[in-house]
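The values are calculated or read from the model by the stated rules, or taken from the named source; none is laboratory data. Every value quoted in this text rests on a predicted model; they were computed, and no experiment measured them. Neighbour counts run over all protein chains shown; Cβ positions are idealised from the backbone, glycine included.
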C-alpha cells in the first residue's frame, strides 16, 4: 500500500504515518512546517519530508490513498491534484475506521477527560499484556507512539475528539469511528468557532450516540445533568450504563479506593470519575474489578494531566492541560481538596480560539474561587496571531467575576512574580493548552522559593 500524508506533521497525523510504516506500508508526506517532537519522530523512521512546502508532484496515480490533515487548506495544491486525479482522500479518523472496521472499537468521547480515560484503559490492557490497537491524544509512558494499528489486534481503543475531521470533511472526528462501546465523559461547550451555540455543540453528542453500532453500549457520566437528559431521551438501540465518583478516602494526600483501600497515584473527583469510566470499559473487555484495581494502582496519569513537575517542602507544582471553564474549575477543586492544609496558586493561560472570544469568556465566571491566588495569563502575541481584539485586566476580572484576579500578558513578568512568592506549604497549578510564552515550566518549578520563613 502506498499512502501519502498532506500535513504529515500534525500530532495524530505523524503518529498514524509511523504506525502505517511499521505495518509495512510505503508512506510519504509533506508539510509547510513541522515542529518537535513530530520532526524527530518522523526522521527516526525515515518519514521526514526532504524539504518543507507543498508540491503537486508528490501526488501520483499509483497512490492507494491520500490522508488529509486539518492543518492543510482547501486550496492546497496537493489536495487539488489528488481531487483532480480522482484519488481516494481520507481524513485521519476515516482512515482509522478503514483500518479497524473488522475490530471491536471502543471510542472515548466527551468534552473533558477523554485522554485520561483512554490512557487508563490502555494502561490496564498493557498491564495484562492484551493485544490491542489504539489512538490517544498524549504521549504515554510505556508506549512508543500515540497511534498503533496492526493486523492482529482484535480491538482498538480510540480517543474520540469532537473537532472537525479535515478541511473538506466538516463532521466531528468521533462520528466516523462507529463505536461498538462508547463513553461520554460529560458535555461542556467548546470549539465555538465551529459550534457557535451550546445547542449546536450538544447536538454532536446526540449524533455520536446514533453512530454506535447495533447492539452497542454507551457508558456515560450520570453526574452531568445535560448528559443525563440527553441519554434519557435516546431512541437509539444501545445499552446504557451510568457512572459517578467511586467510593474512596483521602489520607495524607493519597487517595484510596474503597472498600479494598487500593492506593492511587492520581487524585480528584474528575480523575475518579474517569477511573470509573475506564473500569466499566475494562469490564466489557473481560477484566474484572479486582484485576482493574491491581493494574490501575500503578497508573501515574497522562502527560500534562495534573503532571507533577516538582515536590519539596510541602510544595507541589503541577502542569495541566485544563483550558476550558469546566476543566479549569475541576482541576483547581481537585488540588484544593487533595491538600486542604496548603495554599494554592492557580495560573491559567487563555490560548484557544474559544477562550479568547469575549462572548465565551463569560463562561469562566467563578471558576477560580477555590484558589488563594488566581492568575490569568495571555501571551500578548496571541491576539495578534489570531487577529483578535486584546483583553484588558478589567475584561478578565469582569468575566471571571473577581477583582482579585491577577492578569499578565508578558511571560517574563509572570515568571518574575512567581519567583518572588514564598511557596512553602503552597502548591502551584499551571494550566494551559499552550506553552506560557515559551516558559521552561520544569525549570521554574525547581527554582521556586519553598523555604520555611523560620529557616530564612
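Being outside the structural domain of residue 116 (by TED's automatic domain parsing) and either more than 21 Å from residue 330 (Cβ to Cβ) or touching a helix residue (DSSP H, G or I) at 6+ places or on another chain (Cβ under 6 Å) (or both) holds for only one residue in 302, 263, and it is 302. All of 161, 144, 169, 200 fail the test of being surrounded by 19 or more Cβ atoms within 10 Å (Cβ to Cβ) and more than 18 Å from residue 101 (Cα to Cα), apart from 161. Of all residues assigned to segment 184-192, at least one qualifies as being outside any loop (DSSP other than H, G, I, E, B), at pLDDT 95 or above and not assigned by TED's automatic domain parsing to the domain that holds residue 21.
Listed by position, the helices (runs of 4 or more DSSP H) contained in segment 357-435 that have at least 1 residues being more than 25 Å from residue 253 (Cβ to Cβ), in the same structural domain as residue 187 (by TED's automatic domain parsing) and at pLDDT below 95 form an empty set.
Within the group 328, 361, 306, 344, which residue is over 21 Å from residue 271 (Cα atoms), buried (at least 18 other Cβ atoms within 10 Å of the Cβ) and in contact (Cβ under 8 Å) with a residue 24 or more places away in the chain?
361
Taking the numbered list (1) within 26 Å of residue 298 (Cα to Cα); (2) in contact (Cβ under 8 Å) with a residue 40 or more places away in the chain in turn, residue 132 passes all entries but (2). Restricting attention to segment 31-60, the residues that are in a loop (DSSP other than H, G, I, E, B), farther than 18 Å from residue 18 by Cβ and out of contact with any helix residue (DSSP H, G or I) (no Cβ under 6 Å at 6 or more places or on another chain) total 6.
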